[in-house]
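Reading through the structure tokens given below for one structure.
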There are 2 protein chains.
Amino acid sequence: MGKKSTSTREKILATATELFLKKGVDRVGVREIAAKADINLSLMNYYFKSKEKLLELIFENLISEKATVLKNILESDISLFDKIKQYTSAYIDMLLDNPLLVSFVLSVLHRNPDKLKGMTSVVNLYNTEKFCMHLKAEAEAGNVREVTPEQFYVSMLSLIIFPFAIKDLIVDRNKFKKKEYVEFIRNRKDFIADMLIQYLKV
Amino acid sequence: MGKKSTSTREKILATATELFLKKGVDRVGVREIAAKADINLSLMNYYFKSKEKLLELIFENLISEKATVLKNILESDISLFDKIKQYTSAYIDMLLDNPLLVSFVLSVLHRNPDKLKGMTSVVNLYNTEKFCMHLKAEAEAGNVREVTPEQFYVSMLSLIIFPFAIKDLIVDRNKFKKKEYVEFIRNRKDFIADMLIQYLKV
DNA sequence: GTCTATATGGCGATAGAC
DNA sequence: GTCTATCGCCATATAGAC
């Protein structure tokens, strides 16, 4: 491999990722990516074959990277309540670092309902098994309320993720400044964990 | 106005709405709409000026229609707990009747962050004021726990709406059949209301 | 109001020289 | 690996006849 190959490849990847996240896949053209990455248009196809393949690669990269950390928390050996606290906190921190990730993933999910079905990164993203077993075991031991684990898990995800999908609405309707919004989201960490844990305790 | 005018207009509107919801605005061309509505391409621009204007109209129509009912519940004079129960139930029923609405609204929100800012239908959609006052009053009367009303409201919305945005993920990962998914969502009505009310009671 | 024809430009992708 | 040039198609929108 030549010297310039990695740098060119990386430049395309970085630029395309940025634009896909910001503008949405279907509102970014390959010409725009090439121009902003300052590379020749043909190199896009030389390295990635097609825009669609490029998208798949970027999607995989983005998700698998983030999903692993979260998956590890869900599968760790800590107590159920600590698990909920740590998961909520880590997930929110990750999304604060990647504010456009939620809209991007949801839009790709809407765009390609099938293509993602088997994708490993997506499997990690929505990975209920171990957590649901933990929840079930605690309920059977009488330590927490009986719940449908799937309902609980989906609820936890909803509470964590959805506010990022409607960020603009929240900011606009509350007349938040940027700092106030971040503070609002930070405060959700305790709020969510509290709500979930209180519910289990009853 | 000629006899055919309304029927043509309505045909375009209905077809465009269906396609926008299913495929996403940017993956539907005006030619496709015209063909499926069985009207001449030029009539699109004759009636709606441009695809973008057509989108705005459709968005407004879809949202304002649904938002009014929900807004009325939030502003009614029933008890706080009843309000939460009725709102959750009505919202979920509405989304079950319009399964693609969530993805559509989120995608338009992502596509046009600004254009929607002042839109009345959107204001109704995210309409916190009266509900937050109610929540605050009950807390001050010592009937429920002290909470940040905005956090509570956003949480309620999240619990209700988000599962519709990740429907494909839920169905796929749980190997749900269509009926099982609908049942899962129906069960959320009580689950969500329980969780929210239990939390307030503590 | 409805049609045909077309303007104008963008898109993704590739052939082939270097 | 990188470039220029271009193919073939589709997009949105409009002019003008009827």
Checking the structure you have, find out if any residue of region B:13-23 is within 12 Å of DNA strand C (Cβ to nearest atom), more than 14 Å from chain A (Cβ to nearest Cβ) and either of a type in the set (Ser, Thr, Tyr) or over 19 Å from B:VAL122 (Cβ atoms) (or both). no
Please state which one of B:SER7, B:SER42, B:SER64 is within 15 Å of DNA strand D (Cβ to nearest atom), assigned to a helix (DSSP H, G or I) and either modelled with pLDDT under 95 or not aliphatic (A, V, I, L, M) (or both). B:SER42
For region B:175-183, state whether one or more residues are more than 17 Å from A:THR128 (Cα to Cα), at pLDDT 95 or above, out of contact with any helix residue (DSSP H, G or I) (no Cβ under 8 Å at 6 or more places or on another chain) and at the interface with chain A (Cβ under 9 Å from one of its Cβ atoms). no
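The rows are residues; the columns are (1) hydrophobic (A, V, I, L, M, F, W, C); (2) in contact with a His (Cβ under 6 Å, 6 or more places away or on another chain); (3) in contact (Cβ under 8 Å) with a residue 12 or more places away in the chain; (4) part of a helix (DSSP H, G or I).
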residue: B:ASP77; (1), (2), (3), (4): no, no, no, no
residue: B:GLN86; (1), (2), (3), (4): no, no, yes, yes
residue: B:ILE92; (1), (2), (3), (4): yes, no, yes, yes
residue: B:SER103; (1), (2), (3), (4): no, yes, yes, yes
Only one of (1) assigned to a loop (DSSP other than H, G, I, E, B); (2) at pLDDT 95 or above fails for A:ASP114. Which number is that? (2)
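Across region B:122-139, which residue is surrounded by the most Cβ atoms within 10 Å (Cβ to Cβ) among those that are away from every other protein chain (no Cβ under 12 Å) and touching a residue at least 24 places away in the same chain (Cβ under 8 Å)?
Looking at the filtered set, the residue picked out is B:LEU135.
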Do we find a residue being of a type in the set (A, V, I, L, M, F, W, C), over 23 Å from the mean Cα position of the chain (by Cα), assigned to a helix (DSSP H, G or I) and surrounded by fewer than 20 Cβ atoms within 10 Å (Cβ to Cβ) anywhere in region B:160-183? no
All but one of (1) in the same structural domain as A:CYS132 (by TED's automatic domain parsing); (2) surrounded by 17 or more Cβ atoms within 10 Å (Cβ to Cβ); (3) of a type in the set (S, T, N, Q) hold for A:THR8; state the number of the condition that does not hold. (1)
Are any residues in region B:10-39 away from DNA strand D (no atom under 13 Å from the Cβ) and part of a loop (DSSP other than H, G, I, E, B), and if so, which ones? B:ASP38
Those residues that are at positive phi and crowded, with 16+ Cβ neighbours inside 10 Å, I need them from region B:14-38; list them, please. B:GLY24
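The values are calculated or read from the model by the stated rules, or taken from the named source; none is laboratory data. Because the structure is a prediction, the values reported are computed rather than measured. All Cβ positions, glycine included, derive from the backbone under ideal geometry; neighbour counts span all protein chains shown.
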